[in-house]
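The values are calculated or read from the model by the stated rules, or taken from the named source; none is laboratory data. This one's a predicted model, so the numbers in the text were calculated from it and none came from an experiment. Reconstructed Cβ throughout: ideal geometry from the backbone, glycine too, with neighbour counts over all protein chains shown. Side chains are part of the model used for accessible areas, which takes the heavy atoms of the whole protein and leaves out ligands, DNA and RNA. Shrake-Rupley method; radii C 1.70, N 1.55, O 1.52, S 1.80 Å.
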Amino acid sequence: MSKSIGTSGSLINDPRARAWAFQILAIVVVAALGWYLFNNTQTNLEHRGITSGFAFLEHSAGFGVSQSLIDYNESDSYGRLFLVGLANTLLVSILGIILATVLGFVIGIARLSPNWLVRKLSAIYIETFRNIPPLLQIFFWYFAVLRLVPGPRQSLSFFDALFLNNRGLYVPAPVSADGIVPFLVAVVLAVVASIILARWVKVRRDKTGRGFPLLLTSIVLLIALPGLAALIFGAPFHWTVPELKGFNFQGGWVVIPELFALLVALSVYTAAFIAETVRSGIQSVSHGQTEAANSLGLKPSRTLRMVIIPQSMRVIIPPLTSQYLNLTKNSSLAAGIGYPDMVSLFAGTVLNQTGQAIETIAITMSVYLVISLSISLLMNVYNKRMALRER
Amino acid sequence: MSTHTFKPDLPPPNRSIGAWAWMRANLFSSVFNTLLTLLALYLVWLLVPPMIKWAFLDATFRGTERSDCTPGGACWVFIKMRFGQFMYGFYPPELRWRVDLTLLLAIVGTVPLFIKAMPRKAIYGIAFLIIYPVVAWVLLHGGVLGLDAVPTSRWGGLTLTLVIASVGIAGALPLGIFLALGRRSEMPAVRVLCVTFIEFWRGIPLITVLFMSSVMLPLFLPEGMSFDKLLRALIGVILFQSAYIAEVVRGGLQAIPKGQYEAASAMGLGYWRAMGLVILPQALKLVIPGIVNTFIALFKDTSLVIIIGLFDLLNSLHQATVDPVWLGMSTEGYVFGALIYWAFCFGMSQYSQRLERRLDTSHRS
């Protein structure tokens, strides 16, 4: 704001006075609106006989949940139910992010392949799946595809270890055995050793310019140390393979149909966006960089690893995180098919049972807000660190 | 005197032209590439023939009943019989011409905006934006001018999807522009208010917004005042979408060189005139593709209103597939719905890409 010149005294033409007046007015309007809404809500709640507050979180929920990662039964409280929903949301988000990243990178790289057919197929994939609403894709997998799957007795089996039927996907599960503790210690040791090795390699490279096969050594370490531990102290875990007993499968882990449909649809949908992000990131590295690397005598594989990928990651990572956030927010579409995530449990069932509309919605929203805001904060820090230092 | 004549050019070597050479270069350039090609061909062979067989060769197109359909193929009879419901929802069949007319007017009305040589485009555009919603409301809802009233609870199908999407964008655009200006304002209080608003809506999923608008909005209003379910959903959608529009517009505002702001001040223009006459026309032109992309996202997001029980296209499809008479037709239903959504979104994204190329006056160095 420029300072006012002269002492004409007419406050109305003083830009600073006007800015102050405008801001005060804005705050007053917002505050008045807030107070008005608050007042209305108070009266409405009184007339409907709803007591506000979070006391209901202590009450017993009285209904079961089809999938829970933590111990939960019907007599547990709404507070516990919230944790169940939160865990389920996080489960589907994390699994979805992993699957979508793998699929998205493969398709994004295939989009730039010198092979015409592969290039066109990935383009078709991207254009098909990102233009269909995610909820429709979830419905398609849940109501159309999984309905065609037979019952437990005629399960589709893959290598006699994976079984798909209308109650879900049954996968073998590891069960810890005697050797588990030494095995985990060995894994931790291998990771620590790799990190120390990486530091040493970098220091030596900066000093002498000599390279070291770091990746290979780390992989060997990560396989050899735990392997050795397993050989000496016995197997760390054994697998329980699902078996048909009576009317259903026993043993192993079960992926319920809702989770399966949600996971497939969200990963397929988000992968299309991630693929585009990856493509544009790789294309953003100018061709001159490749040529420069070639003229320095770097091998193609090294050019890719040391020149192209580090520069394209700078472009890829910010939109990639926003895709991860989108996937997390889209996991709330679970409400459409009744997967017990936070929204369908809390903003759906709990709200209907208790009538505590404001509290349940506020809790649900604040969880997503916390996730989103903390990731954007991290992103800002990352962007500051990765910003091009121009000279 | 003998003149030198060039011999005609030799044709290029056989191995560098024609289909065979193209295939060598693009499909079989190396061992790895050949393997990839074979793998891709296998994938295509696995997917495409069964799909064509299901959708066309074994499919049933004629008939009026479920029993007319042959098992194994798609039963497009189902789509044919329910087509009216997918397009209009529960809108009374004898009044459907009003929906058609509304859509026709929208198309006829927007055509001049796409003609490059049209004079006074801005004035026409603003007039259209003011007059059309009134006409559309009168036609769709009726109740005046001797038209029978059709309550919004009977609207549905693709009509409702289009209504939510277009009202959503029309409401979110002005609000989003003001929010973007507020976020770039030099007044700290205004800036904080706008940033809080934008980050709040961008941080939560649309589903929670819809839940909020359907259960919390009635609590916020004075006693006895209640309004339509559709309107409540629309308010939620507009508030949600305006935050995204604001971020897109902010990108455009930031892309305008500082010299333009300074030049506008030097001309003696105040804040609103500088924005309205100098900055926004340039900034909005830059972000049209971004706005179209936001609109595509909004169009896909309209499918979420199923959660609060509105009968948009997806919900009409869903209801039709759980109808006992047509049980087991979900695949046909969802494939049909996917095609419609896809056609709209793909068309708009192609348009936005073309626009991006056309508007690219390359200020970039």
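Here each label is just a point 7 Å from Cα along the line to Cβ, and for A:H47 and B:W22 those points are 7.2 nm apart.
Only the Cβ atoms of Lys and Arg (+1) and of Asp and Glu (-1) were treated as charged; on that basis the dipole of the protein assembly as shown about its Cα centre amounts to roughly 3200 debye. Divide the volume of the convex hull around the Cα atoms of segment B:160-305 by the residue count and you get 120 Å³ per residue.
Peptides B:204-216, B:159-171, A:288-300, B:10-22, ordered by how many other C-beta atoms sit within 10 Å of their residues on average, highest first, read B:204-216, B:159-171, A:288-300, B:10-22.
Near B:Y341, once Lys and Arg are set to +1 and Asp and Glu to -1 for all other residues with Cβ below 12 Å from its Cβ, the sum equals 0.
Taking the inverse of the mean 1/r over every pair of distinct Cα atoms in chain A gives a Kirkwood hydrodynamic radius of 26.5 Å. Among the residues of segment B:167-194, which ones have their accessible area go down by 30 Å² or more when all the protein chains sit together, as opposed to their chain alone (1.4 Å probe)? Those residues are B:E186, B:M187, B:A189, B:V190, B:L193. Direction-averaged projected area, Cα convex hull, segment B:222-264: 5.0 nm², rounded to one decimal.
May I ask for log10 I(q)/I(0) of segment A:184-334 at q = 0.12 Å⁻¹, from a Debye sum over the Cα atoms as equal point scatterers with solvent left out? Normalising to I(0) and taking log10 leaves -0.95. For segment A:290-391, the residue among A:M379, A:S332, A:F346 whose Cα projects farthest onto the positive side of the dipole built from Cβ charges is A:M379.
Helical content of chain B, expressed as a calculated mean residue ellipticity at 222 nm, amounts to -22000 deg cm²/dmol (DSSP H runs of 4 or more residues, -39,500 (n - 2.57) each, divided by residue number, nearest 500). Can you pull the percent of chain A's accessible area that's carbon plus sulfur, 1.4 Å probe, other chains left in place? Carbon and sulfur atoms account for 67 percent of the accessible area of chain A.
Any aspartates and glutamates with Cα under 12 Å of the B:K80 Cα? List them, leaving off those in the same chain fewer than 8 positions away. Straight-line reach from B:K80, under 12 Å: B:E65, B:E332. Expressed in Å, the radius of gyration and Dmax of the Cα atoms of segment A:134-180 are 14.8, 47.
If the chain linking A:L377 and A:I195 were pulled fully straight, counting 0.36 nm for each residue of separation and taking away their Cα-Cα distance, it would gain 62.9 nm. Counting only protein heavy atoms and a 1.4 Å probe, segment A:84-177 has 44 square angstrom of accessible area per residue. In this structure, A:H238 and A:L214 have a Cβ-Cβ separation that, at R0 = 30 Å, corresponds to a calculated FRET efficiency of about 0.35. Round to the nearest 0.05 the FRET efficiency obtained for B:D148 and B:K285 when R0 = 45 Å and r is the Cβ-Cβ distance. It comes to 0.55.
Dividing the convex hull volume of the alpha carbon atoms of the protein assembly as shown by its residue count gives 315 Å³ per residue.
Modelled this way, with points 7 Å down the Cα-to-C-beta line, the labels at B:M51 and A:S280 are 2.6 nm from one another.
For the pair A:V29 and B:V325, a Förster radius of 41 Å applied to the C-beta separation gives a FRET efficiency near 0.15, rounded to the nearest 0.05. Placing pseudo-labels 7 Å out from each Cα toward the beta carbon at A:I70 and B:D100 gives an inter-label distance of 5.9 nm.
Paramagnetic label reach from A:S77 (point 7 Å along Cα→Cβ; backbone nitrogen cut-off under 19 Å): within segment A:34-58, residues A:51-58. Within the listed set B:A122, B:A136, B:A55, the residue fluctuating most in the Gaussian network model of chain B (springs between alpha-carbon atoms under 10 angstrom) is B:A122. Label segment A:202-261 by shape, choosing from rounded, prolate and oblate, from the square roots a ≥ b ≥ c of the eigenvalues of the Cα gyration tensor; if a/c is under 1.5 it is rounded, and otherwise prolate applies when a/b is larger than b/c, oblate when it is not. Here segment A:202-261 falls in the oblate category.
Above 16 Å lies some portion of the pair distances; for segment A:140-238, what is it as a whole percent of all C-alpha pairs? Percentage above 16 Å: 71.
Filter chain A for me: DSSP H helices, axial length by Cα at least 15 angstrom, mean Kyte-Doolittle hydropathy not below -0.5. List them by residue number.
Counting only whole DSSP H runs, the qualifying helices are A:15-48, A:78-110, A:116-129, A:180-208, A:214-233, A:257-284, A:309-330, A:357-386.
Compared with the direct C-alpha span, the chain from B:T110 to B:A297 gains 65.2 nm at full extension, assuming 0.36 nm per residue. Rounded to the nearest 20, the size of the Cβ-charge dipole of segment B:236-365 about its Cα centre is 680 debye, with Lys and Arg at +1 and Asp and Glu at -1.
Using the Cβ of A:I70 as centre and a radius below 10 Å, the other residues enclosed give a net charge of -1, where K and R count +1 and D and E count -1. With viscosity 1.002 mPa s and temperature 20 °C, the Kirkwood radius over alpha carbon pairs of segment B:57-144 converts through Stokes-Einstein to a diffusion coefficient of 131 µm²/s. The phi-based Karplus calculation (6.51 cos²θ - 1.76 cosθ + 1.60; θ = phi - 60°) puts the 3J(HN,Hα) values of segment B:161-173 at 4, 5, 4, 4, 5, 6, 5, x, 6, 5, x, 6, 4 Hz, whole numbers, x for Gly and Pro. Surface exposure of segment A:335-382, expressed per residue as accessible area with a 1.4 Å probe, stands at 35 Å². When only Cα pairs below 8 angstrom with a gap of at least 6 residues are kept, chain B shows a relative contact order of 17 percent. In terms of Cα atoms, the Rg and Dmax of segment A:1-146 work out to 28.4, 78 Å. Both chains summed, the buried accessible area for A and B stands near 4800 Å², from protein heavy atoms and a 1.4 Å probe.
Using the alpha-carbon positions of segment A:292-366, Rg (one decimal) and Dmax (whole number) come out as 22.7, 70 Å.
Per residue, how big is the convex hull of chain B when only Cα atoms are used? Give it in Å³.
For chain B, the hull spanned by Cα atoms encloses 313 Å³ per residue.
Of the residues B:M212, B:A264, B:Y244, the one whose Cα sits farthest toward the positive end of the charge dipole of segment B:159-316, with +1 on the Cβ of Lys and Arg and -1 on the Cβ of Asp and Glu, is B:A264. Helix-only arithmetic for chain A: the sum of -39500 (n - 2.57) across DSSP H runs with n ≥ 4, divided by the residue total, places the mean residue ellipticity at 222 nm at -20500 deg cm²/dmol.
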